[in-house]
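Take a look at the structure set out below.
The values are calculated or read from the model by the stated rules, or taken from the named source; none is laboratory data. The model shown is predicted, which means the values in this text are computed figures rather than measured ones. Quick reminder, even Gly has a Cβ in these numbers, built from the backbone with ideal geometry, and neighbours come from all protein chains shown. Surface areas here come from the heavy atoms of the whole protein model, side chains and all, with no ligands, DNA or RNA. Shrake-Rupley method; radii C 1.70, N 1.55, O 1.52, S 1.80 Å.
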Amino acid sequence: MLNIALPKGRLGEKVYNMFEKSGFECPAIKENNRKLVFENAEKGVRYFWVKPSDVSIYVQRGAADIGVAGKDILLEYEPDVYELLDLNIGKCNMAVAGPKDFYDDENKTLRVATKFTNIASNYYAKTGRDIDIIKLNGSIEIAPILGLSDVIVDIVETGATLKENNLEVKTKFLPISARLIANKSSFKFKMEQIEDVVKKIGEQVNNDD
Ligand code: PRP
């Protein structure tokens, strides 16, 4: 049985559809209930829905053999897993954003609010900018509005959240997409099954854009 951690939500549903089309269906998963674990013994797959940012924890520790996680999570937490495939979905960008009238005085320490402290630190280390990181857990956009920070480093997908809060992108610096990841020992011991998934899911990846 291959244990597969899917990120709960819209992205997870797209991912499941790719598995379904690849012949790893588990129809019960679409019966919209509150269950978190679904199994199709015949196909040798067991799916479970987990919080998107937790997928790599389940996979690193072997509770799941494979899973799907955003590149943002992989870069931020550097889990000890194999990254097998770029699924080319869940696409967005990591960006610096701030108020429209923000003027960056390079002589001052820049106050940066973010959930992604490692990604932000690495980015500013490369630019040589002196920063003060303020770690938040969500609704990052509010920080510059209240004067808690000068800018934010966050994910931008449609840009609607920024727009509705009178903020704008200053720099997009990292493209993000969903990646198929595997536990390192599962990859060794369930290689045949995992390689079969990689091959079939790979055929579903749309690389047109
Ligand atoms: C993410 C991100 C932005 C928003 C961007 O938040 O942190 O707030 O999505 O999407 P958009 O460009 O399409 O508006 P999420 O929904 O993960 O919630 P959070 O506030 O808990 O981080």
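Structural remarks
- All conditions but one from (1) touching a helix residue (DSSP H, G or I) at 6+ places or on another chain (Cβ under 9 Å); (2) within 16 Å of the ligand (Cβ to nearest atom); (3) open to solvent by less than 30 Å² (accessible area, probe 1.4 Å) apply to SER53; the one that does not is (3).
- Matching residues, region 150-201, being over 18 Å from LEU6 (Cβ atoms) and of a type in the set (Ser, Thr, Tyr): THR158, THR161, THR171, SER185
- Sole residue being open to solvent by 80 Å² or more (accessible area, probe 1.4 Å) and under 20 Å from the mean Cα position of the chain (by Cα), chosen from SER139, SER177: SER139
- For VAL156, the conditions (1) open to solvent by 40 Å² or more (accessible area, probe 1.4 Å); (2) within 16 Å of the ligand (Cβ to nearest atom) all hold with the exception of (1).
- Hey, GLY23 buried (at least 20 other Cβ atoms within 10 Å of the Cβ) and part of a loop (DSSP other than H, G, I, E, B) or not: no
- The single condition from (1) at pLDDT 95 or above; (2) open to solvent by less than 40 Å² (accessible area, probe 1.4 Å); (3) among the β-branched types (Val, Ile, Thr) that ILE29 fails is (1).
- Matching entry among GLY67, GLY9 (being modelled with pLDDT under 95 and under 18 Å from the mean Cα position of the chain (by Cα)): GLY9
- Extreme residue, nearest to LEU148 (Cα to Cα), among residues of region 86-129 that are among the hydroxyl-bearing types (Ser, Thr, Tyr) and open to solvent by 70 Å² or more (accessible area, probe 1.4 Å): TYR103
- Taking every residue in region 26-51 that is in contact (Cβ under 8 Å) with a residue 60 or more places away in the chain and closer than 23 Å to GLU195 by Cβ and pairing it with any residue that is open to solvent by less than 80 Å² (accessible area, probe 1.4 Å) and among the polar types (S, T, N, Q), at least 6 positions away or on another chain, the pairs with Cβ-Cβ distances below 8 Å are GLY44/GLN193.
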